[in-house]
2 protein chains.
Amino acid sequence: MTLPLRRRLPVLPLLLLAAGGMRAAERSSSSAMEELATEKEAEESHRQDSVSLLTFILLLTLTILTIWLFKHRRVRFLHETGLAMIYGLIVGVILRYGTPSTSGHDKPFSCSQEDRPFTTLLVNVSGKFFEYTLKGEISPGKIHNVEQNDMLRKVTFDPEVFFNILLPPIIFHAGYSLKKRHFFRNLGSILAYAFLGTAVSCFIIGNLMYGVVKLMKLVGQLSDKFYYTDCLLFGAIISATDPVTVLAIFNELHADVDLYALLFGESVLNDAVAIVLSSSIVAYQPTGENTHAFDAAAFFKSVGVFLGIFSGSFMMGAVTGVVTALISKFTKLHCFPLLETALFFLMSWSTFLLAEACGFTGVVAVLFCGITQAHYTYNNLSVESRSRTKQLFEVLHFLAENFIFSYMGLALFTFQKHIFSPVFIIGAFIAIFLGRAAHIYPLSFLLNLGRRHKISWNFQHMMMFSGLRGAMAFALAIRDTATYSHQMMFSTTLLIVFFTVWIVGGGTTPMLSWLNIRVGVDPDQDPPPTNDSFQVLQGDGPDSERRNRTKQESAWFFRLWYSFDHNYLKPILTHSGPPLTTTLPSWCGLIARCLTSPQVYDNQEQLREEDSDFILNDGDLTVTYGDTTITANGSSGPHTATTSLDGRRTKSSSEEALERDLGAADHEVTSRGTRLVFPLEDNA
Amino acid sequence: MTLPLRRRLPVLPLLLLAAGGMRAAERSSSSAMEELATEKEAEESHRQDSVSLLTFILLLTLTILTIWLFKHRRVRFLHETGLAMIYGLIVGVILRYGTPSTSGHDKPFSCSQEDRPFTTLLVNVSGKFFEYTLKGEISPGKIHNVEQNDMLRKVTFDPEVFFNILLPPIIFHAGYSLKKRHFFRNLGSILAYAFLGTAVSCFIIGNLMYGVVKLMKLVGQLSDKFYYTDCLLFGAIISATDPVTVLAIFNELHADVDLYALLFGESVLNDAVAIVLSSSIVAYQPTGENTHAFDAAAFFKSVGVFLGIFSGSFMMGAVTGVVTALISKFTKLHCFPLLETALFFLMSWSTFLLAEACGFTGVVAVLFCGITQAHYTYNNLSVESRSRTKQLFEVLHFLAENFIFSYMGLALFTFQKHIFSPVFIIGAFIAIFLGRAAHIYPLSFLLNLGRRHKISWNFQHMMMFSGLRGAMAFALAIRDTATYSHQMMFSTTLLIVFFTVWIVGGGTTPMLSWLNIRVGVDPDQDPPPTNDSFQVLQGDGPDSERRNRTKQESAWFFRLWYSFDHNYLKPILTHSGPPLTTTLPSWCGLIARCLTSPQVYDNQEQLREEDSDFILNDGDLTVTYGDTTITANGSSGPHTATTSLDGRRTKSSSEEALERDLGAADHEVTSRGTRLVFPLEDNA
């Protein structure tokens, strides 16, 4: 219920982020003078809220205009995010040193409570009752900070804003804009980098930092507690890479697509891993007296928490994605793009809320929801909704990302609890270097044992180099800045982000040319075959060689999943794929007919024409579901959809589809622009 | 600065609206048990926040799916907003009677303060300090409500959410999607309806309701104070019409365009008038003892406030619109639609903040910003950005509007301070009927004295009928529900919205046919000439008749503004219009050359092709800036841009352009589909 409030005071700058504050336009009918004073204060505070948000909008506007100038003149040494940070820094300096340090007019009032803090407080002021809500604890030494500079306080957002408002669109967009073909071709390696790599990096950085902390204690540089779990948390926070700058340049220069997929896939997934990892480390609470010794039970509990949160969030994301796909498939919403887009937006947002309501991590769920939406729902959307959803999330992502980076610049000066410890900072830089090296090189070596298309040394160096830290590390670090150790970690993270975005980001173009990495690559084209000994193993034609290669590259579980996806999920959830009547056993005939949309039988030509670069649809996979062969001119033979119910036949058909999917580019090279599918000689 | 908080408790459902709450993932290192309990509570509360938002998303999803069904089957008796309210009602009933009335676990704590409430409160709990922020006053009788049903509390949003988050996109979209041609053709009438009409309606409803209140006092139906200013405030609140349902049906059936323009224009502008009017009434505070007698000084102060806020907000909106237009004109941002869209979004949002920061009304500023953006900036945007911005605000508008309406349904049961007084409600229904009648019929009579194209009786009846109340009335009413009178006004407003949206909205189609209002009208076509005596006044050809008509219809100040806009503003702010070198005096040559973009000289063909239905550009006006005549096949003679610097010539040229603009449809009727501009016989 709404509280019967007479006076509405500015509550949170947070609120402003969404719309710009509140205004007390309510009238007082009694004891007017004193209430008038409160109202004046409220209005003044509201005005300041608006001004602080205007500051950020000005920052973003400036950033956009400068980005345009840079893009216009093809300047590549500074990315928009780096620029946003610079403008943020400048405004931060102005706010810090240019505005008078007004003592807050909100005089704090102390009164003693007995037991523990209540969420809601009723205060009796000369007969009237006022409701107060708990904002948080203040360490006794910092009480006077509450009274400090109003403007600095106004431009400081609640840390949870980053997690709950700004990260979701960024992460969803990452999942939704995944270039699926190259992502899936390198799925094994990406998963290895993201999971094993992040764990290794977190563990190594954590341990190295614990050494640094020990050293600081020895030389008397540390004035407060700094536990091993804090070090591990730092390792988790700083293991979330965000090569947004590098990827932007890759995109612009059309650098090697596999390297792009590896970097992009790793950074997308390791964000999720880092979030869950940090939550698990936080959950590591040994029982008993000695709360900072190693406790096996607590450790396994943490591992359990990790697995639980991760799989739960994954499920949430996948489920809402699937539900959206089903809705968009079985209703004819695509006649009304506005409704379709609104539904898509609401369902994607509900993933976040659903995951949070169930105690999982919304951001992680949103990532997998994005991937599922791209894989299934996108195929069911109308052409207009495809571009609408794409553009909507692109704008949200752009605004959120630049906002975070300009806030970072600002925070260097406006955040009032920085602890810069030179030893810790230098140690952290060395640790993240070693941590990244210790995960890229050994993992690449191991992966190369199994990979057909090796990750070359140059690629490994480039991946090593691209270990930038960005929005996710910042959001994780600012989440909790209550203790001394966390404040030190936050300040260090900020410096690491600055350094990597400016220096590493700026050095990408020289590094690319120095490492001889191909640029100007057609994204639909395969990398040229390498000249190592694996090249000709089985078969003798280039076609069987290609097939053999893709077979090697994709692990058995991936092949299993792919065939399941291609034969059952895609036909159930989208209008593409082979009709279920051909893939399901014959006793499921009724269900199969219900779930198979009539479009499946005649959507081949239509699908093939569509933009397959953004999201690869199975338009060119469906062509062989029967025994028909598509000729090069695009017309197909009569559809024999109800034939070939034989299991083996179907399986081999899906494998062919997979091979074509993964290696389709080889064919396409010969017919660029039209994406015709040539008749395959080995069509059983 | 951020407060060093250990524990983050859910602060506002408001926050959730933007992203879905917050989560306390912070770890405690000491006195773990008691903090663990607080953390559990915080997590529980966060979960409830997520669930409550999920409820709304579910509601919206259901609404979308049902709308689709309705549109699919061409059901017109129930609009999406009516549907959203029904679903809201159902969920409201479930929440109210289906969930256990849990006593809140946040036990209120009382402690006495001396003087007046502080904004911030520091509370000492066993040595630790916690910060609390003021939420509002609670009347002593309602203290126990604070402890009531958690779920009901969770689904109740801060009233300012509606004003600061949900209304701005709705209002901006209204301004941005204005069909300018028909709007400007009826500008005089629209302004009269919006300003005079709303004032008359407010005053009449206010006085009638004061009579009702007097009556209630007589028969003992009123248990608390209800002042004359409260009645006037009710008049202002309920004078904001929102014929969204009617307009949707008009759009679908292609009903008469002038009637559409009158209704749409009136409802858009009277929202602004009603907001400012209610603020002015609130500002009416007589000095001295007798605070509820008439005070001339206070009255004139209120009038001053009205004029000040309105013109200030108007200026703010116009200025940011103009700045955006200039930026988009003089940078080549249109090469990067993403940047352009982001800039457009940020600038439009900054209008809101700027107005709020200066003490004006953000929502009103946003309306005029939308109109300015549509009039100028839209012409400078790239084709992609045009559809992007259009679609972005369309989606935001759709979501916000349906959210408000489903919240209204919910609020009927979850709002816990309803006061339904049958006498007041019946009185209010009669009052709004009389109030609308008293402004539509007399004003239409007066307007018809001056209008060439009369507002027929049927149109007047339809306008009378279309006086629905919607989102704006609700947002104004829920803004302040602190006193008895305001609670009664809120409950009554809710019922009026329900009744008008369901009954009036559902009766639109029958009403249209009963009143013989034309449907299936081509939006670009003029209404057929009426057979009254004004038809042939001057000249004898149909062309001069048309010109004469438009001359009569547009008042002198409008013609003045139009020629100023066409000759100076459009060329300065956009790439269209006559080059400034031809319209400015010759001594301004340098400035004129700087401000005139090179595109002006060769953008005629390009502009003419574009979507002129959404926003009418001056593509077909620019054709006569020189002495050249565009022939019907679209090719123009040589551009003699530097000729005709003569003032009279230019003026007459702009008048011709105006006539063509207002009456262009007559020509176009003959060449539908291509929008060719025919050579005009009377081209001086």
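The values are calculated or read from the model by the stated rules, or taken from the named source; none is laboratory data. Just so it is clear, the structure is predicted and the values come from calculations on it, not from any experiment. Please note: Cβ atoms are built from the backbone with ideal geometry, for glycine as well, and neighbour counts cover all protein chains shown. Protein only, heavy atoms only, side chains kept; ligands, DNA and RNA dropped before computing areas. Shrake-Rupley method; radii C 1.70, N 1.55, O 1.52, S 1.80 Å.
Observations, loosely collected:
- A count restricted to the stretch B:468-497 and to residues that are open to solvent by less than 10 Å² (accessible area, probe 1.4 Å) and more than 14 Å from every other protein chain (Cβ to nearest Cβ) stands at 10.
- Considering (1) in contact (Cβ under 8 Å) with a residue 40 or more places away in the chain; (2) open to solvent by less than 30 Å² (accessible area, probe 1.4 Å); (3) closer than 20 Å to residue B:264 by Cβ, the lone condition that residue B:458 does not fulfil carries the number (2).
Conditions tested, residue by residue: (1) in contact with a Cys (Cβ under 8 Å, 6 or more places away or on another chain); (2) more than 17 Å from residue B:269 (Cα to Cα).
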residue	(1), (2)
B:344	no, yes
B:361	no, no
B:366	no, no
B:379	no, yes
B:382	yes, yes
B:389	no, yes
B:394	no, yes
B:398	no, yes
B:404	no, yes
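- Residues that are closer than 26 Å to residue B:478 by Cα and either within 9 Å of another protein chain (Cβ to nearest Cβ) or β-branched (Val, Ile, Thr) (or both), drawn from the stretch B:362-410: B:362, B:363, B:364, B:366, B:394, B:395, B:398, B:399, B:402, B:404
- Those residues of the stretch A:43-69 which are within 7 Å of chain B (Cβ to nearest Cβ) and farther than 19 Å from residue A:157 by Cα, in sequence order: A:61, A:64, A:65, A:67, A:68
- Counting the residues of the stretch B:213-240 that are more than 14 Å from chain A (Cβ to nearest Cβ) and surrounded by 24 or more Cβ atoms within 10 Å (Cβ to Cβ) gives 5.
- Residues in the stretch A:70-79 that are more than 8 Å from chain B (Cβ to nearest Cβ) and part of a helix (DSSP H, G or I): A:70 only.
- Among the conditions (1) under 20 Å from the mean Cα position of the chain (by Cα); (2) assigned to a helix (DSSP H, G or I), residue A:411 misses just one, which is (1).
- Index of the failed condition, residue B:488 passing every other in (1) within 20 Å of residue B:202 (Cα to Cα); (2) of a type in the set (A, V, I, L, M); (3) without any contact (Cβ under 8 Å) to a residue 24 or more places away in the chain: (3)
- Of all the numbered requirements in (1) charged (D, E, K, R); (2) open to solvent by 50 Å² or more (accessible area, probe 1.4 Å); (3) under 16 Å from residue A:499 (Cα atoms), residue A:436 misses one, and that requirement is (2).
- Any hit, the stretch B:337-345, residues being buried (at least 24 other Cβ atoms within 10 Å of the Cβ), more than 8 Å from chain A (Cβ to nearest Cβ), in contact (Cβ under 8 Å) with a residue 60 or more places away in the chain and not small (Gly, Ala, Ser): no
- Within the stretch A:489-521, tally of residues that are farther than 25 Å from residue A:422 by Cα and either touching a Ser or Thr at 6+ places or on another chain (Cβ under 8 Å) or not aromatic (Phe, Trp, Tyr) (or both): 13
- Scope the stretch A:392-418; condition closer than 22 Å to residue A:168 by Cβ and of a type in the set (Ser, Thr, Tyr); matching residues: A:406, A:407
- Put simply, of B:325, B:400, B:355 the only residue that is surrounded by fewer than 23 Cβ atoms within 10 Å (Cβ to Cβ) and assigned to a helix (DSSP H, G or I) is B:400.
- Candidates B:185, B:181: the one that is touching a residue at least 40 places away in the same chain (Cβ under 8 Å), touching a helix residue (DSSP H, G or I) at 6+ places or on another chain (Cβ under 6 Å) and open to solvent by 10 Å² or more (accessible area, probe 1.4 Å) is B:185.
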